[in-house]
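The values are calculated or read from the model by the stated rules, or taken from the named source; none is laboratory data. Bear in mind that the values here come from a model prediction, so they are computed numbers and not experimental data. Cβ sites come from the backbone with ideal geometry, for glycine too, and all protein chains shown count toward neighbours. Ligands, DNA and RNA are excluded from the accessible area calculation, which covers all protein heavy atoms including side chains. Shrake-Rupley method; radii C 1.70, N 1.55, O 1.52, S 1.80 Å.
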2 protein chains.
Amino acid sequence: MAADKTTPKYVLVEDYLRNQIKKNRISDRLPGERALAAELGFSYMTVRKAVENLVNEGLLYKVPTKGTFIADQKANKTRTRTIGYFLDSRIAGGLSSPYYSMIFNAIEKQATRQGYSLVYFSDSSDSNLQMILQKLDGVIASSFLRIENLIQQMKAIVPVVAIDNSVADKTIPSVIVDNFNAQIQSVDYLCSLGHQHIGFMTGLEDSDAGKNRYAGYKSGLIKQGIEVDPALVFRGNYTFGSGVSGAQYFLELEQRPSAIICANDSMALGAISKLHQEGLEVPADMSIVGFDDIDIARQITPPLTTVSVPIDEIASCAFNMLTSLIEGRTLENRHVALEAHLVARGTSREPAKSEVTA
Amino acid sequence: MAADKTTPKYVLVEDYLRNQIKKNRISDRLPGERALAAELGFSYMTVRKAVENLVNEGLLYKVPTKGTFIADQKANKTRTRTIGYFLDSRIAGGLSSPYYSMIFNAIEKQATRQGYSLVYFSDSSDSNLQMILQKLDGVIASSFLRIENLIQQMKAIVPVVAIDNSVADKTIPSVIVDNFNAQIQSVDYLCSLGHQHIGFMTGLEDSDAGKNRYAGYKSGLIKQGIEVDPALVFRGNYTFGSGVSGAQYFLELEQRPSAIICANDSMALGAISKLHQEGLEVPADMSIVGFDDIDIARQITPPLTTVSVPIDEIASCAFNMLTSLIEGRTLENRHVALEAHLVARGTSREPAKSEVTA
DNA sequence: GGATTAAAGTGCTATATAGCACAAATACAA
DNA sequence: TTGTATTTGTGCTATATAGCACTTTAATCC
């Protein structure tokens, strides 16, 4: 390699490697540092310095004891060691929603532990996205049907991992919960206590999570030989207020359910609040089951029976998948469905006697 | 310098230098690399590697042939149009705390509107702070006594505005609420309904906000000619669970208060939950007043009587102060105290008759 | 054919040594 | 006192060498 008096040798090595990569003469893994030094006629430490600079640029990545690899082209973007969490601004309450704030806390814990900063963003205007995505190495997005186009836009610029719901475009990795089977557990549990007349408050309609929870409720009833009664279904929207409205609805039915399954904890808490206001006792007069297992669910008296979503596992899994993508690696499993389990606490018991004999 | 088997020597040198800089033992220029190597007993190249890493972090800068200097981190910063919100990781629940998530939502709205990204961070380790602050133009910090040193560290690097509590160092701008007078309003209102026996649940002890709310409670009573009874004060910590415990405490008193003022809404909700569980009605049997006005406070049945903190105004004010500082302007008013007002809703009424005649 | 051991390959840390180009400090001569 | 030359100090580039911890590959043995 022709030496140049003014250019440092390590810069010459950098330029040579950049050129090899650009011309696809190296396409996966570099020769080892010692071999490269021998091949180019420079010292081992000079070659190491050049390779390290290319790593810092994002062109290469190193795996100790395994080798030095070409980074995915998308990873050629200037690394900022910052990721983003996107929660659409149309979600009621944004991060004031207890579930999303738990998710966010968990992601922040992972990010901090591995030396990343975490940006929160919710505005979906093109200009805002462009501006923010320039600063990010990748995004974890709480996904809904309504934002699939947004997720496509993000994906064109940075790696994206979807959580809560997967995306129609299956090239986008996702971490979700098996809502369907988790909701069946709630039905099974209530039936095991003797409940036959079980109401359901739905979540949002444009989310697979919401749909799957509802499907799990119906499937669970059918499995128990109980006919699905549309009158026992109230359309909620995951908010405390809609839980209050839902309880009101069920109380006004001629034949009240003896238990209500809510598609999330906020609605369950709203329902309990309303029942108390009407002089009913939980679970003596009506059993309530939630979903998510937010902090308050454990703290109320009695503590809420609910499906516990593995928040830390979702965050950890999504984060690790994202950093793998950022570093140019491919994922072994692009779609992960984690299990959630029912936790029986104090807001459920066998139906009041009058309900059973009726 | 004590060697550690697992920590690379160059990292030990980094930490040593960071520490020297933090303690102002080096304030302008470092000793030369050869001298430093001799002083510390490590090799020249090891010291060079450490110094280079600190240069990459933004702590130092080198001038070939002249030396290595402490970076004036404010002046040298590249603008990123990103601000940070800091909430110490020791705050229970982090952003799952309804008040802080509302604050965060409001800051995010301001930031997005004015073309800024928002990073959330809670970890206070030196390395994390250094790494994150490099990326930020400024910080809004929810302040407590325990993090005053942290705020000093941040201030050395970026402009900082404190919210919730001001800082002993009055050069640091702040936006707070007039907790004292707001809490007096709660006492006045309950007295106007006929309450004479009023309990209080305190917030955190290391916050001026908590102290001022408690001071307002006492001052309000004295103003009404009511003696302050220490038995009517329960030490809470702003959590729902401590509200439950507080209600338990008051119920066990020989002479129960007819009303309870809670230093925040989460404790108020916990108290209500417990009272319902014990078969008492709010406000028929006991009146409850909160502080903050979180979303759920309006949604429960009956809706909570509470002091409404002007969240959007706090966020807007703090954000505008911060961007002024970022842009190099000085502030007309460095310390802003906003008013909060009591909102009388459904959890308060005149005491039950038996309480009045007793 | 499978298990075990040894060898080779990988990036990583660390040190010693040498000399470059340049700036600042010091010594000396006019 | 000023100008010039020399010395010292600064970060920079470069190389050689050594060994660590771990992974992969090859050789050997049963």
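Assorted remarks:
- Of all lysines in the structure, those lying under 20 Å Cα to Cα from A:Lys211, and not within fewer than 8 positions of it along the same chain, are A:Lys170, A:Lys223.
- Net charge of neighbours whose Cβ lies under 10 Å from the Cβ of A:Tyr238, counting Lys and Arg as +1 and Asp and Glu as -1: -2
- Counting DSSP beta bridges with both ends in chain A, the antiparallel % (nearest 5): 20 percent
- The distance linking segment B:1-71 with segment B:125-175 is 25 Å (Cα centroid to Cα centroid, whole angstrom).
- Chain B - charge dipole about Cα centre, Lys and Arg +1 at Cβ, Asp and Glu -1, debye rounded to 20: 1600 debye
- Note on B:Thr65: accessible area is roughly 150 Å² with a 1.4 Å probe, heavy atoms of protein only.
- Relative contact order of segment A:256-358, taken over Cα pairs closer than 8 Å and 6 or more residues apart, is 32 percent.
- Relative to the longest principal axis of the Cα atoms of chain B, the long axis of helix B:44-57 makes an angle of roughly 40 degrees.
- Residue ranges B:284-290, B:85-91 sort as B:284-290, B:85-91 when ordered by packing (mean number of other C-beta atoms within 10 Å per residue, highest first).
- Positive-end residue, segment A:273-345 charge dipole about Cα centroid, Cβ charges, pick of A:Ala284, A:Ser273, A:Phe319: A:Phe319
- Given +1 at the Cβ of Lys and Arg, -1 at the Cβ of Asp and Glu and no other charges, the dipole of segment B:1-145 around its Cα centre is 340 debye to the nearest 20.
- Distance between the modelled labels on A:Arg90 and B:Asp123, one decimal in nanometres: 3.5 nm (7 Å Cα→Cβ projection).
- Summed buried accessible area for B+A [probe radius 1.4 Å, Å², rounded to 100]: 3200 Å²
- Placing +1 on the Cβ of every Lys and Arg and -1 on the Cβ of every Asp and Glu, with no other charges, gives segment A:9-71 a dipole of roughly 100 debye about its Cα centre.
- Across B:Lys23/B:Lys155; A:Lys23/A:Lys155; B:Lys22/B:Lys62; B:Lys135/B:Lys155, pairs whose alpha-carbon gap is larger than 24 Å: A:Lys23/A:Lys155
- Accessible surface of segment A:202-291 [probe 1.4 Å, protein heavy atoms]: carbon and sulfur percent: 46 percent
- Helix A:311-326 vs. chain A, principal-axis angle (Cα, 0 to 90°, nearest 10): 20 degrees
- Between 0 and 90°, nearest 10: helix B:98-113 axis offset from chain B longest Cα axis: 50 degrees
- Helices in chain B, meaning DSSP H runs of at least 4 residues, each add -39500 (n - 2.57). Divided by all residues, the mean residue ellipticity at 222 nm is -13000 deg cm²/dmol.
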